[in-house]
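**Q** Structure provided below as structure tokens; questions to follow.
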Amino acid sequence: MSKEIFLKNDAKEILLDGINELANVVRITLGPNGKNVIIQDEFKKPFITNDGATIARELILSNPTLNVGAELIKEVALKTNDLVGDGTTTATILAVSLINESMKSIKSGVNPLKLKENLELLSNKIVKYLEQNAIIINSYKEIKTIAKIASKSDELANIFEEIVKIIGNNGLIKLENTKNSKTTYEVMDGYILDNGYASSVFANTEIQNCIFDNSHILITNEDIYDINFLNDIFLKMQKTGCSLVIICNSISEPALSNVISLKEKNDLKIAVVNLIDTNNYRDEILKDISYLTNGKFFSKEISNNFNNLSFNDLGFTKKIIINKETTKLINDKEVDEYLKNLEKLIGLATTNFEKEILNHRYYQLAKKYAIIKIGGQTELEITEKMMKAEDALGAINATVKSGVLPGGGSAYIKATSILQYKEYTSKEEKMAVNIMKETLFAPFKQLLLNSEIYFEQELLDNILESEFNYGYNLFNQKVENLIDSNIIDPTLVEIVALKNAVSIACLIITTDALLVDSSYDSLLKKEINNQIIKDSISGMR
């Protein structure tokens, strides 16, 4: 398809218009007094949210040409959300301020490449300043505060605090939807395999669970088509009354029917668990279970696997609880050395997916694992609470990694103190300082605007003159120690938001051409002509 070309100022103006369109919707959600946005999609029910990442993801401008700018700034929000799970609105506000202020400077004759270089240098300096002033958290109260700030929910904040008290700061927390009206949580007291029994016949009809004490386990990635290789095991089970759980890749219908028939005719304590949706890390899960239960892992890569199978080859667990969806193994085995090896693998992981799987395996074995089941009266309420819980979880994880800073935009304001105008000589350096200062003030100004508090330079000066931990408390409208008042932000969120904002801003200010499918051009020209007509009519009046 042919392209329409926009050059220099025309390209920048089009990008800027699209960027500001998106930012104007996202920015109103910032802070404790941020406003909601209703989102309508022709394929979904309308829903209400104040989650910046969700709004950015859903927003597509009707003008495809302007949408180019919106899509670029959307990357800031979504990348920040992917990395730290929070800070999307802050990142958007920082990026838009950087771009708008930089565009003004470029129009006045500043070299965009030199400006870019200086903004990146200043950004690195600010990041170091924030890292040096970070405060390492040491109480559950701070976790609760972070969760409340991110989710704007007392209910979720209380739940996160309770869970962290049980599993510690470094435990794994998973989020799930539930059809219940209430949000609840469950702390795992054993190893949880995300697969249940192959047939409800194995479950107690009253409780829909299969529960065995002191059970033997066959662990294999084989597809089982017949069960003759287990005949000796079945005979011993009949004599001793012991139980057996078969954990396998899959079992054929005839083989499953035979197991069920043996169970019912001989009153055997037996169950089968199929491994479903474990994808390409199935074998690693089975090796973990093998280690945990001291059993042999029968791999299909080794021929004649089941020759001379004996009870000594089977794993053993003190208790196993199997339902339709999960299998829980409860054992007392020490796994510290095994966990150390997993930690090494996590450190060597080269992709986020690989690291996520290794972390999941680690926390399952370490029994530092909890599930929050998000409930609500309506589907819309559940969707909104899930988004808030995701923000809170991201903020908590970031806090544990990097500590906290005074919140309310205060840390950014204090960071401007290291940008001394007199230290710089060139026009580009001085302009970069001005731009960066204005950008670092932007989140605070937006917080005031969303709280309908009039901005005064005197207030900003008071914050700048106070100690690092001091800032403006929106709730009592006083300058005070924000750390003591538990108004805090995760350091990592603040840093990632700034880095991403600078990255996209520097790309945009050094852009001098825009290529758009020519089919979009008629729409753009039509809008320009309509605006000319409106301006003409307004002038006649």
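The values are calculated or read from the model by the stated rules, or taken from the named source; none is laboratory data. Source: prediction; values computed, not measured. Neighbour counts are summed over all protein chains in view; Cβ atoms, including those assigned to glycine, are modelled from backbone coordinates with ideal geometry. These accessible areas exclude ligands, DNA and RNA; they are computed on the full protein's heavy atoms, side chains included. Shrake-Rupley method; radii C 1.70, N 1.55, O 1.52, S 1.80 Å.
**Q** What strands (runs of 3 or more DSSP E) lie completely within region 418-496 and have 2 or more residues being within 30 Å of the chain's Cα centre (by Cα) and either at pLDDT below 95 or closer than 17 Å to Leu405 by Cβ (or both)?
**A** 470-473, 488-490
**Q** Test each condition in (1) surrounded by fewer than 17 Cβ atoms within 10 Å (Cβ to Cβ); (2) among the acidic types (Asp, Glu); (3) not in a strand (DSSP E or B) for Glu186 and report the one that comes out false.
**A** The failed condition is (3).
**Q** Please state which of the following conditions Leu30 fails to meet, knowing it meets all the rest: (1) within 25 Å of Ile146 (Cα to Cα); (2) open to solvent by 30 Å² or more (accessible area, probe 1.4 Å).
**A** Of everything listed in (1) within 25 Å of Ile146 (Cα to Cα); (2) open to solvent by 30 Å² or more (accessible area, probe 1.4 Å), Leu30 misses just condition (2).
**Q** Among the residues that make up region 125-132, is at least one of them open to solvent by less than 30 Å² (accessible area, probe 1.4 Å) and either among the polar types (S, T, N, Q) or modelled with pLDDT under 90 (or both)?
**A** No: zero hits.
**Q** Say whether the condition of being over 16 Å from the mean Cα position of the chain (by Cα) and part of a loop (DSSP other than H, G, I, E, B) is met by at least one residue in region 381-400.
**A** Looking for residues that are over 16 Å from the mean Cα position of the chain (by Cα) and part of a loop (DSSP other than H, G, I, E, B), one finds none in region 381-400, hence no.
**Q** Same structure again: When region 359-380 is examined, which residues are found to be in a helix (DSSP H, G or I), buried (at least 18 other Cβ atoms within 10 Å of the Cβ) and touching a Phe, Trp or Tyr at 6+ places or on another chain (Cβ under 9 Å)?
**A** If the condition is that a residue be in a helix (DSSP H, G or I), buried (at least 18 other Cβ atoms within 10 Å of the Cβ) and touching a Phe, Trp or Tyr at 6+ places or on another chain (Cβ under 9 Å), then Arg361, Tyr363, Gln364, Leu365 are the ones that fit.
**Q** Filter region 164-209 for residues that are under 19 Å from Glu356 (Cβ atoms) and acidic (Asp, Glu) and give the result.
**A** Residues satisfying the conditions are Glu176, Asp194.
**Q** Glu131 - would you say it is more than 16 Å from Glu494 (Cα to Cα) and either part of a helix (DSSP H, G or I) or of a type in the set (Gly, Ala, Ser) (or both)?
**A** Considered against the rule, which asks whether it is more than 16 Å from Glu494 (Cα to Cα) and either part of a helix (DSSP H, G or I) or of a type in the set (Gly, Ala, Ser) (or both), Glu131 comes out as no.
**Q** So, in region 282-338, exactly how many residues are buried (at least 16 other Cβ atoms within 10 Å of the Cβ), of a type in the set (A, V, I, L, M), within 35 Å of the chain's Cα centre (by Cα) and not in a helix (DSSP H, G or I)?
**A** Residues meeting the conditions: 5.
**Q** Only one of these is more than 21 Å from Ala513 (Cβ to Cβ) and either touching an Asp or Glu at 6+ places or on another chain (Cβ under 7 Å) or not basic (Lys, Arg) (or both): Leu16, Leu78, Leu66. Name it.
**A** Of Leu16, Leu78, Leu66, the one residue that is more than 21 Å from Ala513 (Cβ to Cβ) and either touching an Asp or Glu at 6+ places or on another chain (Cβ under 7 Å) or not basic (Lys, Arg) (or both) is Leu78.
**Q** Go through the residues of region 413-431 one by one and say whether even a single one is under 30 Å from Glu58 (Cβ atoms) and open to solvent by 20 Å² or more (accessible area, probe 1.4 Å).
**A** No, because not a single residue in region 413-431 is under 30 Å from Glu58 (Cβ atoms) and open to solvent by 20 Å² or more (accessible area, probe 1.4 Å).
**Q** Follow-up. In region 226-258, what residues are among the aromatic types (Phe, Trp, Tyr) and at pLDDT 90 or above?
**A** The answer is Phe234, and nothing else.
**Q** For region 346-358, give me each residue that is aliphatic (A, V, I, L, M) and either part of a loop (DSSP other than H, G, I, E, B) or touching a Phe, Trp or Tyr at 6+ places or on another chain (Cβ under 8 Å) (or both).
**A** Selection gives Ile346, Ala349, Ile357.
**Q** Let me ask something else. Kindly provide the set of residues from region 42-63 that are open to solvent by less than 40 Å² (accessible area, probe 1.4 Å), of a type outside the set (A, V, I, L, M) and either in a loop (DSSP other than H, G, I, E, B) or over 19 Å from Ala95 (Cβ atoms) (or both), ordered by number.
**A** Matches in region 42-63: Phe47, Thr49, Asn50, Asp51, Asn63.
**Q** For region 492-517, name all the residues that are surrounded by fewer than 23 Cβ atoms within 10 Å (Cβ to Cβ), farther than 16 Å from Leu98 by Cα and hydrophobic (A, V, I, L, M, F, W, C).
**A** Of everything in region 492-517, those that are surrounded by fewer than 23 Cβ atoms within 10 Å (Cβ to Cβ), farther than 16 Å from Leu98 by Cα and hydrophobic (A, V, I, L, M, F, W, C) turn out to be Ala513, Leu514, Leu515, Val516.
**Q** Among the residues of region 167-192 satisfying the criterion of being in contact with a Leu (Cβ under 7 Å, 6 or more places away or on another chain) and of a type outside the set (Val, Ile, Thr), which is modelled with the lowest pLDDT?
**A** Taking the candidates together, the pick is Gly190.
Quick grid of which residues meet (1) touching a residue at least 60 places away in the same chain (Cβ under 8 Å); (2) out of contact with any His (no Cβ under 6 Å at 6 or more places or on another chain); (3) open to solvent by 20 Å² or more (accessible area, probe 1.4 Å); (4) in a helix (DSSP H, G or I):
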residue: Asp232; (1), (2), (3), (4): yes, yes, yes, yes
residue: Leu235; (1), (2), (3), (4): no, yes, yes, yes
residue: Gln238; (1), (2), (3), (4): no, yes, yes, yes
residue: Ile247; (1), (2), (3), (4): yes, yes, no, no
residue: Ser257; (1), (2), (3), (4): no, yes, yes, yes
residue: Ile260; (1), (2), (3), (4): yes, yes, yes, yes
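**Q** Cβ contacts < 6 Å: first residue outside any helix (DSSP H, G or I) and surrounded by 24 or more Cβ atoms within 10 Å (Cβ to Cβ), restricted to region 77-106; second residue modelled with pLDDT of 85 or more and not small (Gly, Ala, Ser), any location; separation 6+ or different chain. Result?
**A** Matching pairs, first to second residue: Asp86/Asp391; Asp86/Val493; Gly87/Thr80; Gly87/Val493.
**Q** Any residue in region 290-317 that is closer than 12 Å to Leu329 by Cβ sitting within a Cβ distance under 6 Å of a residue that is open to solvent by 40 Å² or more (accessible area, probe 1.4 Å) and at pLDDT below 90? List the pairs, counting only those 6 or more apart or interchain.
**A** These pairs meet every condition: Leu292/Lys333.
**Q** Mind checking which residues of region 134-143 are of a type outside the set (A, V, I, L, M, F, W, C), in contact (Cβ under 8 Å) with a residue 12 or more places away in the chain and either surrounded by fewer than 18 Cβ atoms within 10 Å (Cβ to Cβ) or not in a helix (DSSP H, G or I) (or both)?
**A** Once the filter is applied, which keeps residues that are of a type outside the set (A, V, I, L, M, F, W, C), in contact (Cβ under 8 Å) with a residue 12 or more places away in the chain and either surrounded by fewer than 18 Cβ atoms within 10 Å (Cβ to Cβ) or not in a helix (DSSP H, G or I) (or both), region 134-143 yields Tyr140, Lys141.
**Q** State which residue is farthest from Ile483 (Cα to Cα) when the search covers only region 381-412 and only residues that are of a type in the set (Lys, Arg) and open to solvent by 30 Å² or more (accessible area, probe 1.4 Å).
**A** Here the answer is Lys388.
**Q** Could I ask something else about it? How many residues does region 193-226 contain that are open to solvent by less than 30 Å² (accessible area, probe 1.4 Å) and either free of Cβ contacts under 8 Å to residues at least 60 places away in the same chain or in a strand (DSSP E or B) (or both)?
**A** Residues meeting the conditions: 10.
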